[in-house]
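Asker: Have a look at this one.
The values are calculated or read from the model by the stated rules, or taken from the named source; none is laboratory data. Nothing here was measured: the structure is a model prediction, and the numbers come from that model. Note that each Cβ is placed from the backbone with ideal geometry, even for glycine, and that neighbours are counted across all protein chains shown. Accessible surface areas use protein heavy atoms only, side chains included; no ligands, DNA or RNA. Shrake-Rupley method; radii C 1.70, N 1.55, O 1.52, S 1.80 Å.
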Amino acid sequence: MSLRFLPVALAVSSACLPALSAAHYDGGRADSHAPISVTGDHTHGAKEWMLAYRYMGMRMSGARSGTDSLSTEEAFAEIPGAMGMKVLPYEMQMEMHMIGGMYAPTDNLTLVAMLPYATKEMTAKTRMTMMGNTMEGETEAETSGIGDAGIGGLYKVLDEDGYRLHFNLVLGLPTGSIEEEDYIPMQQQDAQLPYGMQLGSGSYELRPGVTLNKQYASWSWGAQLSGRVALDENDQGYKLGSRKNLTAWAAKPVAPWASVSVAAYQSWWSDIHGSAEDLTINPLVNPAADPESKGGRRLDLGVGVNLLGKQGAVKGHRLAFEYKAPVQQSLNGLQLENDYVFVVGWQKAFGG
Ligand SMILES: [Cu+2]
């Protein structure tokens, strides 16, 4: 650049300065937090802490193999069966309550901790063929209790021009039970339930991620790449397959206290390695007991609302809702199809 352009360059850059500082990340906007099902989406300023509660409801129903939805008849035809018996998982309802906390010792580091409590209910159709007669029935199982806790941190590496970038690293702890039992009619006694009905993974788990947020005056977007890897085999002699998630969202404030969002969630997860020692259900009879029909991939789309109280008793309280449904899913072997996920969350930050 020759010297005669210097005054022009200085004038332009000084004119841009107010715009740049105005573009600093504003944590006081409803859309400064991601849609509520995204965790580890934001960091906090030094000495700030936050309490959070999330409720998640998830429903799965019907069978699928690969990308095809199967009718009950088609699904039974895919189960090899043994001794004339076949069990087809048919419906599952999961509810999860998650308590979370965040604390930022510095502007760059935010510590996080979370503990879930889940209830799972599964219904299966049974079919028994004996001497040419087929008897149909239904069986139900239910479990509830705490799941795997997580502790870790988010480390912010960039915060300028409305961009915020941080790394996520959470260690999952095997606090959830992996030996849940219920009455199994085919065995006429209580026995260990299949993998999907257990409350925890039984393993220490690494959950790394990277999160980018970008805020403009009238809207914002964000993206997160995250994963889960079991570090050790659990007491039952297996470990869950690893999982990768790629999430992207866009949000728009519609009032100083509200924003709406759309999001896309792509996830990939692999089969279970090993098999549960105490699981007496035959995988030939019930595919839920088959560690090799657990993997898959799914694309969910979500719509959400974030509310942020601006005055009076609700000042600083966040309330958010999100509904997600799959638009594409491909499952290894015979598995239950996901129907929807609904999340409600409350968050409140203090101090700072
Ligand atoms: Cu927070």
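Asker: Farther than 30 Å from ALA230 by Cβ and touching a residue at least 40 places away in the same chain (Cβ under 8 Å): does that describe THR126?
Answerer: Working: farther than 30 Å from ALA230 by Cβ: yes; touching a residue at least 40 places away in the same chain (Cβ under 8 Å): yes.
Yes, satisfied.
Asker: For the range 196-234, which positions are small (Gly, Ala, Ser), surrounded by 15 or more Cβ atoms within 10 Å (Cβ to Cβ) and not in a strand (DSSP E or B)? Break it down stepwise before answering.
Answerer: Step one: of the range 196-234, the residues small (Gly, Ala, Ser) are 196, 200-203, 209, 217-218, 220, 222-223, 226-227, 230.
With the extra rule that they be surrounded by 15 or more Cβ atoms within 10 Å (Cβ to Cβ), the set shrinks to 196, 200-203, 209, 220, 222-223, 226-227, 230.
Of everything in the range 196-234, those that are small (Gly, Ala, Ser), surrounded by 15 or more Cβ atoms within 10 Å (Cβ to Cβ) and not in a strand (DSSP E or B) turn out to be GLY196, GLY200, SER201, GLY202, SER203.
Asker: Do any residues in the range 40-55 that are of a type in the set (D, E, K, R) have Cβ atoms under 6 Å from those of residues that are near the ligand (Cβ under 9 Å from one of its atoms) and in a strand (DSSP E or B), where the two are at least six apart or on different chains, and which pairs are they?
Answerer: GLU48/ALA349
Asker: Given the structure, is LYS324 crowded, with 20+ Cβ neighbours inside 10 Å, of a type in the set (Lys, Arg), touching an Asp or Glu at 6+ places or on another chain (Cβ under 8 Å) and under 30 Å from TYR103 (Cα atoms)? Give the steps one after another, and end with the answer.
Answerer: Numbers: crowded, with 20+ Cβ neighbours inside 10 Å: yes; of a type in the set (Lys, Arg): yes; touching an Asp or Glu at 6+ places or on another chain (Cβ under 8 Å): yes; under 30 Å from TYR103 (Cα atoms): yes.
Taking the combined requirement at face value, the residue satisfies it.
Asker: For the range 330-343: of the residues being touching a Lys or Arg at 6+ places or on another chain (Cβ under 7 Å) and under 30 Å from HIS44 (Cα atoms), which is nearest to the ligand (Cβ to nearest atom)?
Answerer: In this case the residue turns out to be VAL343.
Asker: Take the range 33-49 and flag every residue that is aliphatic (A, V, I, L, M) and either within 10 Å of the ligand (Cβ to nearest atom) or open to solvent by 20 Å² or more (accessible area, probe 1.4 Å) (or both). Even if it seems obvious, please write down each step before you answer.
Answerer: Narrowing the range 33-49 to residues aliphatic (A, V, I, L, M): 34, 36, 38, 46.
Result: ALA46, single match.
Asker: Name, by its number, the condition in (1) surrounded by fewer than 15 Cβ atoms within 10 Å (Cβ to Cβ); (2) hydroxyl-bearing (Ser, Thr, Tyr); (3) over 23 Å from THR139 (Cβ atoms) that does not hold for THR280.
Answerer: With respect to (1) surrounded by fewer than 15 Cβ atoms within 10 Å (Cβ to Cβ); (2) hydroxyl-bearing (Ser, Thr, Tyr); (3) over 23 Å from THR139 (Cβ atoms), THR280 is out only on (3).
Asker: Assuming SER65 fulfils every condition listed in (1) closer than 19 Å to SER293 by Cβ; (2) open to solvent by 60 Å² or more (accessible area, probe 1.4 Å); (3) in contact (Cβ under 8 Å) with a residue 24 or more places away in the chain apart from one, which condition is it?
Answerer: (2)
Asker: Please go through the range 235-255 and give me each residue that is over 15 Å from GLU179 (Cα atoms), open to solvent by 50 Å² or more (accessible area, probe 1.4 Å) and not hydrophobic (A, V, I, L, M, F, W, C), ordered by number.
Answerer: Listed by number, the residues that qualify are SER242, ARG243, LYS244, LYS252.
Asker: Of the residues ILE184, ILE146, ILE151, ILE178, which is at pLDDT below 95, aliphatic (A, V, I, L, M) and on the phi < 0 side of the Ramachandran plot? Explain how you work it out, then say what you get.
Answerer: Details: ILE146 fails: at pLDDT below 95; ILE151 fails: at pLDDT below 95; ILE178 fails: at pLDDT below 95.
From the options ILE184, ILE146, ILE151, ILE178, the qualifying one is ILE184.
Asker: May I pose another question? List, please: which pairs have Cβ atoms under 6 Å, are six or more places apart or on different chains, and start with a residue in the range 335-350 that is on the phi > 0 side of the Ramachandran plot and of a type outside the set (A, V, I, L, M) and end with one that is open to solvent by 30 Å² or more (accessible area, probe 1.4 Å) and more than 16 Å from the ligand (Cβ to nearest atom)?
Answerer: Matching pairs, first to second residue: none at all.
Asker: Right, another one. Looking at ASP182, ASP161 in this structure, which one is farther than 30 Å from SER32 by Cα, surrounded by fewer than 17 Cβ atoms within 10 Å (Cβ to Cβ) and not aromatic (Phe, Trp, Tyr)?
Answerer: Numbers: ASP161 fails: farther than 30 Å from SER32 by Cα.
Testing whether each residue is farther than 30 Å from SER32 by Cα, surrounded by fewer than 17 Cβ atoms within 10 Å (Cβ to Cβ) and not aromatic (Phe, Trp, Tyr) leaves just ASP182.
Asker: Just a yes or no: is a residue in the range 77-87 within 16 Å of the ligand (Cβ to nearest atom), touching a residue at least 60 places away in the same chain (Cβ under 8 Å) and of a type in the set (Lys, Arg)? Don't jump to the end; show me each part of the working.
Answerer: Step one: of the range 77-87, the residues within 16 Å of the ligand (Cβ to nearest atom) are none.
No.
Asker: For the range 295-347, give me the residue count where each residue is under 30 Å from LEU284 (Cβ atoms) and assigned to a strand (DSSP E or B).
Answerer: Within the range 295-347, residues that are under 30 Å from LEU284 (Cβ atoms) and assigned to a strand (DSSP E or B) number 16.
Asker: So which residues in the range 121-149 are among the charged types (D, E, K, R) and in a strand (DSSP E or B)? It would help to see each step written out before you state the result.
Answerer: In the first step, residues of the range 121-149 are kept if they are among the charged types (D, E, K, R); the result is 121, 125, 127, 136, 138, 140, 142, 148.
Passing the criteria: GLU121, LYS125, ARG127, GLU136, GLU138, GLU140, GLU142.
Asker: Next question. Would you confirm, using the coordinates I've provided, whether GLU91 is without any contact (Cβ under 8 Å) to a residue 60 or more places away in the chain and either in a strand (DSSP E or B) or open to solvent by 50 Å² or more (accessible area, probe 1.4 Å) (or both)?
Answerer: On the way: without any contact (Cβ under 8 Å) to a residue 60 or more places away in the chain: no; either in a strand (DSSP E or B) or open to solvent by 50 Å² or more (accessible area, probe 1.4 Å) (or both): yes.
For GLU91, the condition - without any contact (Cβ under 8 Å) to a residue 60 or more places away in the chain and either in a strand (DSSP E or B) or open to solvent by 50 Å² or more (accessible area, probe 1.4 Å) (or both) - is not met.
Asker: Same structure, new question: Please tell me if SER71 is crowded, with 18+ Cβ neighbours inside 10 Å and more than 16 Å from the ligand (Cβ to nearest atom). Give the steps one after another, and end with the answer.
Answerer: Numbers: crowded, with 18+ Cβ neighbours inside 10 Å: no; more than 16 Å from the ligand (Cβ to nearest atom): yes.
Judged against the criteria, SER71 is not a match.
Asker: Return yes when ALA118 is buried (at least 18 other Cβ atoms within 10 Å of the Cβ), of a type outside the set (Phe, Trp, Tyr) and not in a strand (DSSP E or B) and no when it is not.
Answerer: Values: buried (at least 18 other Cβ atoms within 10 Å of the Cβ): yes; of a type outside the set (Phe, Trp, Tyr): yes; not in a strand (DSSP E or B): no.
The answer is no for ALA118.
Asker: Filter the range 74-88 down to the residues that are part of a loop (DSSP other than H, G, I, E, B) and open to solvent by 40 Å² or more (accessible area, probe 1.4 Å) and list them by number. Write out each step before concluding.
Answerer: Start the filter on the range 74-88 by keeping residues that are part of a loop (DSSP other than H, G, I, E, B), which leaves 79-81, 83-84.
Result: PRO80, MET83.
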